[in-house]
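To start, the structure itself, in structure tokens.
Readers should treat all values here as calculations from the given coordinates under stated rules, not as data from a laboratory. Given the structure is predicted, the values throughout are model-derived calculations rather than measurements. Cβ placement follows ideal geometry from the backbone for every residue including glycine, while neighbour counts extend to all protein chains displayed.
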Amino acid sequence: MGGLIEDYVFHRDFSKTYPIITHGKGIYLYDKNGKKYMDACSGAVAANLGHGVEEIAEAIAFQAKQAAFVHTMRFETEVLFQLAEKIALLAPDTLNKVYFTSGGSEANESAIKLARQFHKDAGRPEKHIVIGRWQSYHGNTFGSLSAGGDIKRRQTYTPSLINFNHVYSPNCKRCPYQREKEDCDHKQNWSCVRDIESVINEIGPENVSAFIAEPIVGSQLGAVSPPEDYFKEIRKICDYYNIVLIVDEVMTGFGRTGKDFGIQHFGIVPDIITFGKGVSAGYAPLAGMIVHDRIVDSLIENSKGKFVHGYTYSGHPVSVAAGLSVLTIYERDRIVNNVQLAGDYLKQQLFALKYRCPIIYDVRGEGLLLGIELAIDGEKGTPFPENLHASERINSIAMELGAVFYPGSGSINGYLGDHILITPPLNVTTGEIDEMIRVLESSLNIFIEELKEEEAYEITK
Ligand code: PMP
């Protein structure tokens, strides 16, 4: 057998060994040696109700016994209608049709294709280019990777990527356009907004199909919100140039930020919302998009009702049954309410931690999508060198201590800038948050001690 490790799994990283998880309960996962891990990041911001919820497992088993699979080109199921209705009722009034996929990348892929077909069939055949944003993530398939702006994930594939355009995601604390906050008081001068118009005009509005953005940037920036009126400006630009506005809610959707959808913090209605992760709380692969009436109407009128697209597992009955059970629990247990309360508490604890810890530069995010940015110097924000892998190392220490967080890097320029997402299940308790903070603080302190021993960097505050 080839490779370094004697087994048959194509591992995520062949240089690592991973704990083998046998089961989970609530916020905890247990490995085969009996070690317990607090899941302080809901896996990948997906396991939003924690682990081992029997009610969801039963709903999945029931549907699997009834009819595990039907192909949506030939048949539909009751659960499909029920879940689509629940999702549409949470979404803005004019977004009423729900299309299902298995993962978030496929959801964004579908949205990009739908925007293109919408324009082409309505007599705007040149419109095909997507404008995305640097330091935003939309998935790992070629279309979604091309739209996204994660340099480290893109680099290997650059020659094959689609020639989409990008502007910078706003990040006021480290403005990529080097603007000071006072410069931005007059909104018409916002570089992050005006740049979009420059790009549109450069490539020609007749060529631009869609603009895609995360409402609050998750894995790439570590929970960075845009300035308050950013999306209002984006909405105006998209309306003016007839560009489909796709809001990627794969991470932010279904209560994660303290509202049903993250975009509801910003008072606009997008044309397509993509979703994933939280819709099934990780219990089955499920994602999709919610589509504005005007796009659906156009599809019916101009495309004979047919979206030229589809996957074998679109609307998979077992996944959909999982989603239906999860959304029922969110509603019944008033989960969004808990996100607001627990999110406020967690944020307060993170601010208090920043005060005690010399390497936290920023605390940010909404609801339970929270992040800390790390720096050699917590006051000035001097970033750690890239090759130190600071956030990864801190997370490895935390895992030794029995908690897992979501580390990330590249928030400053694609390479520099370390952050850690703290995104527990949405039903987390204050007691669990206290424990989470204790492990995080110990991990940061151990990391600081290691650096001192390595005599690599002087930690100051
Ligand atoms: N968009 C966003 C905002 C995400 O956070 C992710 C996953 N991290 C994706 C898209 C891709 O989703 P998936 O991994 O399910 O394909």
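Can you pull the percent of Cα pairs in segment 25-67 with separation above 18 Å? The calculated P(r) of segment 25-67 puts 41 percent of pairs beyond 18 Å.
Counting DSSP beta bridges with both partners in the chain, what percentage is antiparallel, nearest 5? In the chain, approximately 65 percent of DSSP beta bridges are antiparallel ones. Amide H to amide H distances under 5 Å link Ser409 with His419, where only residues 5 or more positions off or on other chains count and H is placed in the peptide plane.
Near the amide H of Val244, within less than 5 Å, lie the amide hydrogens of Ala210, Phe211, all on another chain or at least 5 residues away, with H placed in the peptide plane. Rg and Dmax, both from the Cα atoms of segment 231-352 and both in Å, are 17.1, 58. Each of Arg133, Arg393 has some number of other Cβ atoms within 10 Å of its Cβ, and from fewest to most they run Arg393, Arg133.
Under a straight-distance cross-link criterion of Cα-Cα below 17 Å, which lysines are reachable from Lys452, leaving out those fewer than 8 residues away in the same chain? Reachable lysines: Lys461.
As a rough footprinting exposure proxy, the listed residues Glu453, Glu55 were ranked by other beta carbons within 10 Å of their own, and the order from fewest upward is Glu453, Glu55. Pairs of Cα atoms in segment 6-111 fall into 10 Å distance bins, from 0 up to the last occupied one, in shares of 10, 26, 35, 22, 6, 0 percent.
What does the charge count around Leu89 come to, taking other residues whose C-beta lies under 13 Å from its C-beta (Lys +1, Arg +1, Asp -1, Glu -1)? Counting the neighbours of Leu89, the net charge comes to -2.
Cross-link partners of Lys35 among aspartates and glutamates, defined as those whose alpha carbon lies under 19 angstrom from its own and excluding same-chain residues fewer than eight positions apart: Glu400, Glu432, Glu435.
Per-residue ellipticity at 222 nm, computed for the chain from helices alone with -39500 (n - 2.57) per DSSP H run of at least four residues, works out to -11500 deg cm²/dmol. Among residues other than Gly204 whose Cβ falls under 15 Å from its Cβ, what is the net charge (Lys/Arg +1, Asp/Glu -1)? Here the count lands on -2. Take the Cα radius of gyration of segment 150-293 and divide it by 2.2 N^0.38 Å, N being the number of residues; the result is 1.08. log10 I(q)/I(0), Debye, Cα-only segment 334-454, no solvent, q = 0.21 Å⁻¹? After summing over all Cα pairs, the log10 values are -1.20. The ranking of Met399, Met289, Met73 by Cβ neighbour count inside 10 Å, starting from the fewest, reads Met73, Met399, Met289. Note: segment 55-332, Cα convex hull, 130 Å³ per residue. A straight Cα-to-Cα reach below 29 Å connects Lys120 with the lysines Lys97, Lys232, Lys236, Lys304, Lys306, residues fewer than 8 places away in its own chain not being considered. Compute the Cα gyration tensor for segment 248-296, then decide on rounded, prolate or oblate, letting a ≥ b ≥ c be the square roots of its eigenvalues: rounded whenever a/c is under 1.5, prolate when a/b is larger than b/c in the other cases, and oblate in all that remain. Oblate, since a/c reaches 1.5 and b/c is not below a/b. Segment 172-241 and segment 246-315 have Cα centres lying 21 Å from one another.
State whether segment 87-157 is rounded, prolate or oblate according to the following rule on the C-alpha gyration tensor (a ≥ b ≥ c being the square roots of its eigenvalues): a/c under 1.5 gives rounded; otherwise a/b larger than b/c gives prolate, and the remaining case gives oblate. It is oblate, given that a/c is not under 1.5 and a/b is not larger than b/c.
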